[in-house]
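Q: Structure below; questions to follow.
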Amino acid sequence: MSDRYSLLILPGDGIGPEVMAEVVKVIDWFKTNRAMPFDIQHGLVGGSSYDAHGTPLTDETMALAQSVDAVLLGAVGGPKYDDLDFAVKPERGLLRLRKEMDLFANLRPAQCFDALADFSSLKREVVAGLDILIVRELTSGVYFGTPRGIEADPTPGNEGGRVGINTQRYTSGEIRRVARAAFELAAKRRGKVCSMEKANVMESGILWREETQWVHDNEYSQIELSHMYADNGLMQLVRKPAQFDVILTDNLFGDLLSDAAAMLTGSLGMLPSASLGAPMANGRPKALYEPVHGSAPDIAGQGKANPIACILSFAMALRYSFAEGKAADQLEAAVQTVLAEGVRTADLMGPEGGQPVSTSEMGDRIVAALSA
Ligand code: IPM
Ligand code: MG
C-alpha cells in the first residue's frame, strides 16, 4: 500500500465550492495534527467545467480521478445549465465518474443526531437514534441501460408523435456484487439486510430478488435477509424507519429512497455518501465521496450552506479509503459536539433557536472541536 493518501477535490457548482472549502480546513487539521500524508489535487466538474472547457468533465480530469485514492466531490448543476444539451449537462460529469470508475456500491447512511431529532418532518420518537444505511447500486439499471433515447413514434396512427425510452437492465453479476457489499456492511452493523425491488411487476426485480437470496444462502446465511416491494419499502421507511438496518436497492429506487431517508434525519445538509468500486492495485477501493444534497443554487455564495454533509463525507473517506477509523470517529464526534452546543447553520435553525453561524464558522467550530 502506498504510504501517501492521494485526493482529487472537485468542488463543482452552487454551494459545492463553499462546503468543500470547509472540508479542506478539516484535511489540513489531520495533516498537521495527525501527520496524515494527504496529497491534494483540484479539478472541475459539472457546470464549472462546462463554463471553462465546454464539457462537464474533461478526459484529463477523468484520468486524474482514476489515478487517485479518493475523489471528493461537492455538488453539480444549477438553473444556468437547464437548457444545455443532455450530453453536456452538469449531471453527465458525475454520472461519467461513477460509470468509468465502476463505483457500483453507493453507501448512504441516514443517522439522526439527537440534537436534530426535532427537525425531522416525523415525530421525535420515530426518528430519535435512527441509524440506517442505504446501499444503492450505482452503475447500472435504468440510469445506464440501453436502448435509450427520444425517437419518432413508429406506431401507425401516431405520426409526428415521439417515444421516450429507457431500459432497466441488471445482470446477475451486477446484482451479486452490490449484494455482497451490503451483506459485508451489515455484518459490521446489526446484521440485517432488507432488499427492495418491484418483483411484482418487473423481471429485473425478480432477478434482483433471486440473486440477492442466492448470495445470502450461499455466502452470508448468518445475516438476516428480507425482501420488500420498493413502494411498500418507502412507506415503511416513513412509518417505522427503525425497523431497518441496511437497505439494499437498485439505482433508481435508491435515488428515491435515499432522499426520503435524508429528510427523516432533519436536514439534507447532514447526509454524506461514499461510492465504492473494486480494490485498486494498492488495495484501496476506487472511491468517490460526496454529500447527498445538491448544489442549492438559491443559497449559493451567501455563506448559508451547511458544510456538515461534505465534512462527514470526508469522514467516510477516512474510514473506507484510508482505514483511519479512529480519525473518522473523532471527526464524527466533533460534529456531534458542535451540534450539541447549539451551533446552527440556517437550515438547522429551529424554533428553539441556537447560535446562528455561517458556512465558514461552522467549519471553524468543527475544527476547534477536533483540537479540544
Ligand atoms: C443523487 C443525485 C444524482 C442521481 C443526480 C444529480 C444525477 O440525485 O446522487 O442522488 O440521480 O443519482
Ligand atoms: Mg438523488
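The values are calculated or read from the model by the stated rules, or taken from the named source; none is laboratory data. This one's a predicted model, so the numbers in the text were calculated from it and none came from an experiment. Backbone-built Cβ (ideal geometry, glycine too); neighbour counts: all protein chains shown. Note: accessible area is taken over every heavy atom of the protein model, side chains too, but ligands, DNA and RNA are not part of it. Shrake-Rupley method; radii C 1.70, N 1.55, O 1.52, S 1.80 Å.
Q: Among the residues of the stretch 305-315, is any in contact with a His (Cβ under 6 Å, 6 or more places away or on another chain) and either touching a residue at least 40 places away in the same chain (Cβ under 8 Å) or surrounded by fewer than 21 Cβ atoms within 10 Å (Cβ to Cβ) (or both)?
A: yes
Conditions (1) within 28 Å of R319 (Cα to Cα); (2) more than 16 Å from ligand 2 (Cβ to nearest atom); (3) at pLDDT 95 or above; (4) buried (at least 23 other Cβ atoms within 10 Å of the Cβ), marked per residue:
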residue	(1), (2), (3), (4)
E203	no, yes, yes, no
E224	yes, yes, yes, no
P241	yes, yes, yes, no
L248	yes, yes, yes, yes
L268	yes, no, no, no
L288	yes, no, yes, yes
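Q: Checking D298 against (1) at pLDDT 95 or above; (2) part of a helix (DSSP H, G or I); (3) surrounded by 18 or more Cβ atoms within 10 Å (Cβ to Cβ), which test does it fail?
A: All conditions are met except number (3).
Q: Something else: Got a sec? Which strands (runs of 3 or more DSSP E) wholly within the stretch 161-244 have at least 2 residues that are under 21 Å from V127 (Cα atoms)?
A: The qualifying strands (runs of 3 or more DSSP E) are 192-197.
Q: To continue, here is another question. Inspect all residues belonging to the stretch 86-98 and state whether any of them is of a type outside the set (D, E), part of a loop (DSSP other than H, G, I, E, B) and either open to solvent by less than 40 Å² (accessible area, probe 1.4 Å) or more than 16 Å from ligand 1 (Cβ to nearest atom) (or both). Explain how you work it out, then say what you get.
A: Initial filter on the stretch 86-98 (of a type outside the set (D, E)): 86-90, 92-98.
Checking which are part of a loop (DSSP other than H, G, I, E, B) leaves us with 89.
Adding the requirement that they be either open to solvent by less than 40 Å² (accessible area, probe 1.4 Å) or more than 16 Å from ligand 1 (Cβ to nearest atom) (or both) leaves none.
Taking every residue of the stretch 86-98 in turn, none turns out to be of a type outside the set (D, E), part of a loop (DSSP other than H, G, I, E, B) and either open to solvent by less than 40 Å² (accessible area, probe 1.4 Å) or more than 16 Å from ligand 1 (Cβ to nearest atom) (or both).
Q: Can you pull out every residue in the stretch 250-263 that is more than 23 Å from L225 (Cβ to Cβ) and open to solvent by less than 10 Å² (accessible area, probe 1.4 Å)?
A: Passing the criteria: only A262.
Q: Look at I134 and say whether it is within 16 Å of ligand 1 (Cβ to nearest atom) and outside any loop (DSSP other than H, G, I, E, B).
A: Judged against the criteria, I134 is a match.
Q: Also, quick follow-up: Would you pick out the residues in the stretch 99-131 that are within 23 Å of G173 (Cβ to Cβ) and either not aliphatic (A, V, I, L, M) or not in a strand (DSSP E or B) (or both)?
A: Selection gives K99, E100, M101, D102, L103, F104, N106, R108.
Q: Filter the stretch 63-84 for residues that are farther than 15 Å from Y289 by Cα and open to solvent by less than 10 Å² (accessible area, probe 1.4 Å) and give the result.
A: Within the stretch 63-84, G77 is the sole residue that qualifies.
Q: A follow-up question, please. Would you check which residues across the stretch 340-372 are within 30 Å of R34 (Cα to Cα), out of contact with any Pro (no Cβ under 6 Å at 6 or more places or on another chain) and part of a helix (DSSP H, G or I) and list them?
A: Correct list: A340, S360, E361, D364, R365, I366, V367, A368, A369, L370, S371.
Q: Take the stretch 205-222 and flag every residue that is out of contact with any strand residue (DSSP E or B) (no Cβ under 6 Å at 6 or more places or on another chain) and not charged (D, E, K, R). Working first, answer last.
A: At the first step, the residues of the stretch 205-222 found to be out of contact with any strand residue (DSSP E or B) (no Cβ under 6 Å at 6 or more places or on another chain) are 206-207, 210-211, 213-215, 217-222.
Result: I206, L207, Q213, W214, V215, N218, Y220, S221, Q222.
Q: Could you identify the single residue in I27, I40, I15 that is among the β-branched types (V, I, T), open to solvent by 20 Å² or more (accessible area, probe 1.4 Å) and closer than 30 Å to A369 by Cβ?
A: I40
Q: Can you tell me which residue in the stretch 185-222 is nearest to T167 (Cα to Cα), limited to those that are of a type in the set (D, E) and out of contact with any His (no Cβ under 8 Å at 6 or more places or on another chain)?
A: E203
Q: Something else about it: Scan (1) assigned to a loop (DSSP other than H, G, I, E, B); (2) in contact with a Leu (Cβ under 7 Å, 6 or more places away or on another chain); (3) within 16 Å of ligand 2 (Cβ to nearest atom) for the single condition N306 breaks and write down its number.
A: Of the numbered conditions (1) assigned to a loop (DSSP other than H, G, I, E, B); (2) in contact with a Leu (Cβ under 7 Å, 6 or more places away or on another chain); (3) within 16 Å of ligand 2 (Cβ to nearest atom), the odd one out for N306 is (3).
Q: Return yes or no: is G269 within 16 Å of ligand 1 (Cβ to nearest atom) and within 30 Å of S6 (Cα to Cα)?
A: yes
Q: Continuing with the same structure: Picking from E91, E137, E151, which residue would you name as being farther than 23 Å from K198 by Cβ, modelled with pLDDT of 95 or more and within 16 Å of ligand 2 (Cβ to nearest atom)? First the steps, then the outcome.
A: Working: E137 fails: farther than 23 Å from K198 by Cβ; E151 fails: within 16 Å of ligand 2 (Cβ to nearest atom).
Testing whether each residue is farther than 23 Å from K198 by Cβ, modelled with pLDDT of 95 or more and within 16 Å of ligand 2 (Cβ to nearest atom) leaves just E91.
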